[in-house]
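The values are calculated or read from the model by the stated rules, or taken from the named source; none is laboratory data. The structure displayed is predicted, hence computed values, not measured ones. Cβ: placed from backbone, ideal geometry, glycine included. Neighbour counts: every protein chain shown.
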Amino acid sequence: MKPTRLPISVFFLLMLFFNPVEGINKQQLVSLVKGYFANQFNVPVTDVVVNIVNPPRRDLSAVSIDKIWVSSRTKIPRLGYQSLWLSVPSEGVYQEPMSVRLSVYKTVAVARHTIARNETLSGENVVFKRVLLSSFDPKPVTEIDSLNGFISRQVIQEGKVLKQYMITVSPDIIAGEKVKVLLSRGTLTVIANARIKSDACIGDKVRVVCDNTRKTLTARVINKDTVMVEY
């Protein structure tokens with residue numbers, strides 16, 4: 001009797017059944033990389049999203065996942081597209097390249113509504129939400145304490161993530177406000193009235209215009225009402 005030839009598809013199914021692959025598959029590789037980045041960013045694995053762009057060329061399907069090491073050549077963890085290297089010392093495999101696109105869920109500040117320039121930031125106009133980020137450059141605002149005493153440097157549209165460059169410290173003195181100018185030399189102190197030319201915080205150096213002489217001086221802000229000319 002002539003033997004029956006099995007279809008190729010059935011042949012491969014039987015091969016997999018009797019010779020199951022116990023090594024790493026794509027899903028396990030993604031889990032391995034997610035675990036690596038979760039450790040790098042100190043976040044839960046569930047907050048990490050990894051898309052493999054270029055998988056390793058070497059077939060690692062026969063290698064157990066616990067034998068594979070993941071490494072990166074960047075000293076500071078970053079998001080977005082990047083290269084990684086896989087090593088399996090027990091198999092003599094070192095620096096097998098692969099590339100991924102990385103995103104991380106992070107709780108960040110988001111504008112509740114459109115925020116005007118120089119508007120004081122608070123819970124009235126900012127809400128913290130869990131957002132998927134694909135870049136930390138520019139750096140987002142991630143802590144509510146970082147908003148205390150800050151104002152917006154520009155108009156921020158509703159729903160936009162607040163970045164560090166969009167905010168600045170709320171000034172102690174506003175441009176155009178009246179201040180007392182102290183001019184001291186030895187035991188002599190002269191007090192004059194002036195107007196400040198730019199926003200400033202206590203300790204900053206700022207230019208002021210004296211009311212009487214219209215002369216412009218550079219002084220240091222002592223408090224909200226006083227500046228001192230330093231010689």
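Given the residues 48, 30, 70, which is the only one that is within 24 Å of residue 138 (Cα to Cα), modelled with pLDDT of 90 or more and among the aliphatic types (A, V, I, L, M)? Can you show your working first?
Numbers: 30 fails: within 24 Å of residue 138 (Cα to Cα); 70 fails: within 24 Å of residue 138 (Cα to Cα).
Just one listed residue meets the conditions, 48.
Please go through the stretch 152-181 and pick out each residue that is exposed (fewer than 13 other Cβ atoms within 10 Å of the Cβ) and farther than 30 Å from residue 127 by Cα. If the condition is that a residue be exposed (fewer than 13 other Cβ atoms within 10 Å of the Cβ) and farther than 30 Å from residue 127 by Cα, then 176, 178 are the ones that fit.
Taking the condition touching a Pro at 6+ places or on another chain (Cβ under 7 Å) and either among the charged types (D, E, K, R) or within 30 Å of residue 101 (Cβ to Cβ) (or both), does residue 164 pass? Spelling it out, residue 164 is indeed touching a Pro at 6+ places or on another chain (Cβ under 7 Å) and either among the charged types (D, E, K, R) or within 30 Å of residue 101 (Cβ to Cβ) (or both).
What residue, of 187, 142, is of a type outside the set (D, E, K, R), touching a strand residue (DSSP E or B) at 6+ places or on another chain (Cβ under 7 Å) and free of Cβ contacts under 8 Å to residues at least 60 places away in the same chain? Exactly one residue qualifies, and that residue is 142.
Restricting the stretch 175-231 to residues that are in a strand (DSSP E or B), more than 30 Å from residue 117 (Cβ to Cβ) and hydroxyl-bearing (Ser, Thr, Tyr), the residue that is nearest to the chain's Cα centre (by Cα) is 184.
Taking the options 12, 18, name whichever one is among the aromatic types (Phe, Trp, Tyr), surrounded by fewer than 10 Cβ atoms within 10 Å (Cβ to Cβ) and either more than 15 Å from residue 98 (Cα to Cα) or modelled with pLDDT of 90 or more (or both).
Details: 12 fails: surrounded by fewer than 10 Cβ atoms within 10 Å (Cβ to Cβ).
Of 12, 18, the one residue that is among the aromatic types (Phe, Trp, Tyr), surrounded by fewer than 10 Cβ atoms within 10 Å (Cβ to Cβ) and either more than 15 Å from residue 98 (Cα to Cα) or modelled with pLDDT of 90 or more (or both) is 18.
Residue 74 falls short of the stated requirement of being of a type in the set (S, T, N, Q), touching a strand residue (DSSP E or B) at 6+ places or on another chain (Cβ under 8 Å) and not assigned by TED's automatic domain parsing to the domain that holds residue 28. Among the residues in the stretch 83-105, are any more than 26 Å from residue 132 (Cβ to Cβ), among the acidic types (Asp, Glu) and touching a strand residue (DSSP E or B) at 6+ places or on another chain (Cβ under 6 Å)? Within the stretch 83-105, one or more residues are more than 26 Å from residue 132 (Cβ to Cβ), among the acidic types (Asp, Glu) and touching a strand residue (DSSP E or B) at 6+ places or on another chain (Cβ under 6 Å).
Put simply, of 135, 122, 99, 184 the only residue that is exposed (fewer than 15 other Cβ atoms within 10 Å of the Cβ) and within 30 Å of residue 62 (Cβ to Cβ) is 99.
Evaluate the following for residue 23: is it assigned by TED's automatic domain parsing to the domain that holds residue 79 and modelled with pLDDT under 90? Before you say what the answer is, go through the steps one by one.
Numbers: assigned by TED's automatic domain parsing to the domain that holds residue 79: yes; modelled with pLDDT under 90: yes.
Against the criterion (assigned by TED's automatic domain parsing to the domain that holds residue 79 and modelled with pLDDT under 90), residue 23 qualifies.
For residue 218, the conditions (1) among the polar types (S, T, N, Q); (2) in contact with a Lys or Arg (Cβ under 9 Å, 6 or more places away or on another chain); (3) modelled with pLDDT under 90 are fulfilled apart from (3).
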